[in-house]
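Quick notes on the structure that follows.
The values are calculated or read from the model by the stated rules, or taken from the named source; none is laboratory data. Source: prediction; values computed, not measured. Neighbour counts are summed over all protein chains in view; Cβ atoms, including those assigned to glycine, are modelled from backbone coordinates with ideal geometry.
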Amino acid sequence: MKRRSMILCAALVAVTTALSACSSSTASTNEKEEPKEKTVIYVGSDTIGDTLTKDHLTKLGFEVTEMTDREITDKKANNYSLVYVNSTISSAGNIGTKLYNTPVPVIYAQGKVTSYNDMTGTNENADFGRVLGTALNIKDDKHPIASGLSGSVNVYKSNGGFEYIVPTGDAAIIATAADDDKKALIAVYDKGTKNGIGNAAPARRVFMYMAPEDLIYTTDDGWKLFDSTVQWAIGEK
């Protein structure tokens, strides 16, 4: 009798353990993975254009941390999802090559900074510079950043500034100046693609034209391109 009780107890323990394991396995299977927090370091100034850009990043779901071009470092960048460098920084040299090897996506909205990072040459008004207008030309309408737009697209309601670069290496050119296909207004390097001197991008790198002082004139299509560019940079497109 005593032996039978011991056997029954052992059986009950085995069943209980099995049920617990099954329950744990089911919970593990059904548990949804929490989405990663979207964080961005914003490097710029405090103009109305900076405010509009930061507000738009917030609308895209980012927690925005502001840093100056002197404060930003590659080590600080490693803790974020994205770095956005606006053309309102005090000096391109203060950014220099700080983010060259950072394994985090970077968007540059100033052409001169990209010259430090081997995305273009070093000659101002030739390799990088600024043009005026209201429209850009979508060069690669199949790229996710184009978001269905093609041909000539009005991105400003009134004459505005466009930063441009003449990209080097394996850059994919998404949009160009309306009257000059060599002047890229949106150009990207996917992770692993080569820059102008043959170094592989450690993460996605983007150049985008947006000039903060003219963002108040941005059309819906202009913001659409901004949104899709940011989303592509962090891998959402």
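At-a-glance table
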{"quantity": "Positions within segment 47-104 being surrounded by 14 or more Cβ atoms within 10 Å (Cβ to Cβ) and among the basic types (Lys, Arg), in sequence order", "calculated": "Lys54, Lys76, Lys98"}
{"quantity": "Qualifying residue in segment 78-101 (condition: touching a Leu at 6+ places or on another chain (Cβ under 9 Å) and more than 21 Å from Ala175 (Cβ to Cβ))", "calculated": "yes"}
{"quantity": "Condition broken by Asn79, with the remaining ones in (1) among the polar types (S, T, N, Q); (2) at pLDDT 95 or above; (3) under 12 Å from Thr39 (Cα atoms) satisfied", "calculated": "(2)"}
{"quantity": "Residue check for Thr97: touching a helix residue (DSSP H, G or I) at 6+ places or on another chain (Cβ under 6 Å), closer than 23 Å to Tyr209 by Cβ and either assigned by TED's automatic domain parsing to the domain that holds Trp223 or outside any strand (DSSP E or B) (or both)", "calculated": "yes"}
{"quantity": "Residues of segment 43-67 classified as within 23 Å of Gly96 (Cα to Cα) and in contact with a strand residue (DSSP E or B) (Cβ under 7 Å, 6 or more places away or on another chain), total", "calculated": "6"}
{"quantity": "Pairs with Cβ under 6 Å, 6+ apart, first in segment 152-164 and in contact (Cβ under 8 Å) with a residue 60 or more places away in the chain and assigned to a loop (DSSP other than H, G, I, E, B), second of a type outside the set (A, V, I, L, M, F, W, C) and surrounded by 14 or more Cβ atoms within 10 Å (Cβ to Cβ)", "calculated": "Val155/Thr219; Val155/Asp221; Val155/Gly222; Lys157/Tyr217; Lys157/Thr219"}
{"quantity": "Failed item in (1) crowded, with 21+ Cβ neighbours inside 10 Å; (2) closer than 24 Å to Ala77 by Cβ; (3) of a type in the set (S, T, N, Q), with Thr176 passing the rest", "calculated": "(2)"}
{"quantity": "Considering residues of segment 159-173 that are surrounded by fewer than 24 Cβ atoms within 10 Å (Cβ to Cβ) and more than 17 Å from Leu225 (Cα to Cα) only, the residue farthest from the chain's Cα centre (by Cα)", "calculated": "Asn159"}
{"quantity": "Test result for Phe226, buried (at least 18 other Cβ atoms within 10 Å of the Cβ), in contact with a His (Cβ under 7 Å, 6 or more places away or on another chain) and closer than 22 Å to His56 by Cα", "calculated": "yes"}
{"quantity": "Of all residues making up segment 185-202, the number that are crowded, with 21+ Cβ neighbours inside 10 Å and out of contact with any Phe, Trp or Tyr (no Cβ under 6 Å at 6 or more places or on another chain)", "calculated": "4"}
{"quantity": "Residues (farther than 17 Å from Met208 by Cβ and in contact (Cβ under 8 Å) with a residue 12 or more places away in the chain) located in segment 49-63", "calculated": "Gly61, Glu63"}
{"quantity": "Hits in segment 118-131 (condition: touching a helix residue (DSSP H, G or I) at 6+ places or on another chain (Cβ under 9 Å), in contact (Cβ under 8 Å) with a residue 60 or more places away in the chain and surrounded by fewer than 24 Cβ atoms within 10 Å (Cβ to Cβ))", "calculated": "Gly121, Arg130"}
{"quantity": "Segment 110-130, residues that are of a type outside the set (A, V, I, L, M) and in contact with a strand residue (DSSP E or B) (Cβ under 7 Å, 6 or more places away or on another chain)", "calculated": "Gln110, Gly111, Lys112, Thr114, Ser115, Thr120, Asp127, Phe128, Gly129, Arg130"}
